[in-house]
1. Just going by the charge dipole of the chain, with Lys and Arg at +1 and Asp and Glu at -1 on Cβ, which of L12, A64, Y42 is farthest out on the positive end?
2. Tally up the carbon and sulfur contribution to the accessible surface of the chain as a whole percent, 1.4 Å probe, everything protein left in place.
3. Where the only charges are on Cβ atoms (+1 Lys, Arg; -1 Asp, Glu), what is the dipole of the chain about its Cα centre, to the nearest 20 debye?
4. Give me the Kirkwood hydrodynamic radius of the chain in Å, from all C-alpha pairs, to one decimal place?
5. Per residue, how large is the accessible surface of the chain? Use a 1.4 angstrom probe and give square angstrom.
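The values are calculated or read from the model by the stated rules, or taken from the named source; none is laboratory data. Every value quoted in this text rests on a predicted model; they were computed, and no experiment measured them. Neighbour counts are summed over all protein chains in view; Cβ atoms, including those assigned to glycine, are modelled from backbone coordinates with ideal geometry. Only protein heavy atoms, including side chains, enter the accessible area calculation; ligands, DNA and RNA are left aside. Shrake-Rupley method; radii C 1.70, N 1.55, O 1.52, S 1.80 Å.
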Amino acid sequence: LLCVRNKECEDLELRKLYEQLPDARAADDGYVRVLDESGEDYLYPEACFSFVSLPRDARKALFAEG
């Protein structure tokens, strides 16, 4: 997910990519669950993000641990 808006969610960084974790219940309410730099996951309004599709190697490189 690409952060495109952080009004009232100042802990999000604009133009930063975040990893989305599956959460159907949150999605039903208009929220997405994202993983931050600390490894913790949080719910944010879906409107804060734009869904982007990355090639597999880009995803692996971006979200690799270590």
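1. A64
2. The computed percentage sits at 47.
3. Details: 9 positive and 15 negative charges, 81 e Å.
Value, rounded to 20: 400 debye.
4. With all distinct Cα pairs of the chain included, I get 12.4 Å.
5. Per-residue value: 76 Å².
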